[in-house]
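Each value in this text was obtained by applying a stated rule to the coordinates, not by laboratory testing. Keep in mind the model is a prediction, meaning the values are calculated, not measured. Neighbour counts are summed over all protein chains in view; Cβ atoms, including those assigned to glycine, are modelled from backbone coordinates with ideal geometry.
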Amino acid sequence: MTTRTKRVLIGAAIALSLALAGGLWWLSHSLDSLVASAIRTFGPEITGVAIHLDRVKIDALDGRAELHGLVVGNPKGFSTDHALSLGEIGMTLDLSSLTKDVIVIKQISILKPDVTYELSTEGSNLGVIQRNVDRYVGRHRTATTPQAEREQGKKLVIETLTIKNATATVSAAVIHGPPISVPLPDLHLRDIGKQSGGITAGEAVNQVLAALTQSVTRTIASRNLGGMIDSLRKDPRSAVDKLKGLFR
């Protein structure tokens, strides 16, 4: 091999290394904005409410991601600022699954979320969001066109999801007293979507929201709020009087 040939090969190797390094740098920096854009676009479609997200930080080489400032708004007819303020969200991905049909998320950890449970004559804000998600999932489950399949995106399996140190603020728009805040028990979910070989993002949101709503309603059941929605519909004045007593 001539000296010139060696130089050409070395130069090509250096150029290839620089191209790979540049590609990895671009990927790690662009993933943040791509994921944030996807959440801001599809989040409102799935939940039927406004979604706010401050930023996303992804370590593409390590398979870790962080979401900061994710806030789920309230449906129309509710007066509190938001339904969910999800605090700090961290997740770990199985990098080998990113090129497959089903992406495996090893762990999602949500720390110190603030849940607002607002009652009105229409029910609860979480209940309305749950119905919105149900409708979204139902529409896309029955759609079989190629475009609909692309919109659903890849399927997911979430091996472990934990929600820790959450607080529920219970508010009622029909009264003028102060809301009450109660700590929620830690929530642990495992193998979401595993049995079915993966689920869509909408189905994952549906399962997590259902579990969280159930946790909130169980926690506040000791304050006799369980039957208040029906009471509000049947006898609003009487129910309001009872609610005022609970919020004093």
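Annotations
- Couplings 3J(HN,Hα) of the range 106-121, computed from phi: 5, 8, 10, 10, 10, 10, 6, x, 10, 10, 9, 10, 10, 9, 8, 5 Hz, in residue order, whole Hz [Karplus 6.51 cos²θ - 1.76 cosθ + 1.60, θ = phi - 60°; x for Gly and Pro].
- For Ile103, net neighbour charge (Lys/Arg +1, Asp/Glu -1) across residues whose Cβ lies under 13 Å away: +2
- At most 15 other Cβ within 10 Å, DSSP loop - trypsin sites (Lys or Arg not before Pro), the range 63-116: Lys76, Lys100
- Karplus-derived 3J(HN,Hα) values for the range 69-82, using 6.51 cos²θ - 1.76 cosθ + 1.60 with θ = phi - 60°, are x, 8, 10, 9, x, 9, x, 4, x, 10, 9, 6, 5, 7 Hz; glycine and proline are entered as x.
- Highest-first arrangement of 120-133, 189-202, where packing means the average Cβ count within 10 Å: 120-133, 189-202
- If only the Cβ of Lys and Arg carry +1 and only the Cβ of Asp and Glu carry -1, the dipole of the range 74-118 around its Cα centre is close to 120 debye.
- Residue pairs, from the table Lys76/Lys112; Lys57/Lys112; Lys106/Lys194; Lys106/Lys164; Lys112/Lys194, whose Cα atoms sit over 22 Å apart: Lys76/Lys112; Lys112/Lys194
- Each residue of the range 162-171 was assigned a 3J(HN,Hα) from its phi angle through the Karplus curve 6.51 cos²θ - 1.76 cosθ + 1.60 (θ = phi - 60°); the sequence is 10, 10, 10, 6, 7, 10, 10, 9, 9, 10 Hz, with glycine and proline shown as x.
- Nearest-0.05 FRET efficiency for Val182 and Thr162, computed from C-beta distance (R0 22 Å): 0.70
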